[in-house]
1. Place a +1 charge on the Cβ of each Lys and Arg in the range 161-305 and a -1 charge on the Cβ of each Asp and Glu, then give the dipole magnitude about the Cα centre in debye, rounded to the nearest 20.
2. Looking at Q246, Q267, Q295, which one has the Cα that reaches farthest to the positive end of the dipole of the range 195-305 (charges on Cβ: Lys, Arg +1; Asp, Glu -1)?
3. Report the equivalent ellipsoid semi-axes for the range 204-305 in whole Å, largest first, defined as the square roots of five times the eigenvalues of the gyration tensor built from alpha carbon atoms.
4. Relative to the compact-globule scaling 2.2 N^0.38 Å, provide the ratio for the alpha-carbon radius of gyration of the range 219-261.
5. Please compute, for the alpha-carbon atoms of the range 134-248, the extent along each of the three principal axes and give them in descending order in Å.
6. Between F141 and Q268, what is 0.36 nm times their sequence separation minus the Cα-Cα distance? Round to one decimal in nm.
7. Would you mind computing Rg(Cα) / (2.2 N^0.38 Å) for the range 181-250, counting N as its residues?
8. Binning at 10 angstrom from zero up to the longest distance, how are the C-alpha pair distances of the range 232-285 distributed in percent?
Amino acid sequence: MKNFIDPKTLSRVKDLPLVAKTLAQGFLQGIHQSVQRGVGIEFSQYRVYEPGDDLSKVDWKLFARSDRYFVREAERESDINIWFVIDSSASMAQKSVGIGKNSDLTKLQYSQFLAATMAYLGQKQGDNVGLFGLSTQQKYFLPALSGQRHFQKVLINLAQIKSGGHFPSASSLRSHLHSMQKSGLIFVISDFYQYDNNNENDVINIVADLVNDRTDVIAIQLQSNDELEFSFKGALKIEDLETNQQLLVSSRQAKSAYLKARSEFNQQLTDTFTTKRVKHWPVNIDQPLDETLLQFLKIRQKVSR
């Protein structure tokens, strides 16, 4: 499928509802043209034909265009709760600044675009959508509800989230976390960097607290090309956005050790999530959203069955 959804082109647009609608419609256009298995043009109304289905429900016009059989389904209300937990700690202000980079898109902005677009797709299904944006400086909590008016509240609160502070302790959030543990999906969007607080990783603890038999928890780990490639040259001043600690290093001398540590960090994160029954989705903020949105639709269809 072609890359229809590059959020960088919309990073200067301040109208989050417009961004969400544009990204979602661009994505659905891409699905329409590639006709991915199990997803129709209007994904809330189509599914792949299965033996035993009533042939009168087959969309023959869609078959003529795609050479695939799709069954039209009536619109139905959903009882799925979709939650977006947004890390708004200071490290989420990071953006790609390496050689050849020209992006104003931060991790937090990417998470806002991603959550807004998935919320748009979800509310079109009739899903209940909830939001939890948090750091030590601010908390935004909206219960999971359906409807266009509530969706607008989600977008308003998403747009108000600013990066700053650290990720709050898991113990301070447990009352909210308990209300989220109902049938559905929980997406935790973060870089999963943790300010050292007595060797406790509160982001991981919160993810673990959300896991239960009725809910699928997906950890979306945001990364940038800078972090994955370390394509810097010469002397480099590195700053920890949460502690403000600075370090001056030689890019050439630091690169090998950094990439090794980065690989170990990602593998440890994957192992931890696997142990805790959490799906781990690494996402590059310098790449379009297409694949992540496709995975969202696939897992949402699985939960709805």
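The values are calculated or read from the model by the stated rules, or taken from the named source; none is laboratory data. Just so you know, these numbers come straight off a predicted model, no measurement behind them. Note: ideal-geometry Cβ built from the backbone for every residue, glycine included; neighbour counts use all protein chains shown. Protein only, heavy atoms only, side chains kept; ligands, DNA and RNA dropped before computing areas. Shrake-Rupley method; radii C 1.70, N 1.55, O 1.52, S 1.80 Å.
1. Here the size comes out at about 500 debye.
2. Of the candidates, Q295 comes out farthest on the positive side.
3. Square roots of five times the eigenvalues give 33, 16, 12 Å.
4. Dividing the Cα radius of gyration by 2.2 N^0.38 Å gives 1.24.
5. Taking the Cα atoms of the range 134-248, the three principal extents are 52, 33, 26 Å.
6. 42.7 nm
7. 1.50
8. 20, 35, 33, 12, 0
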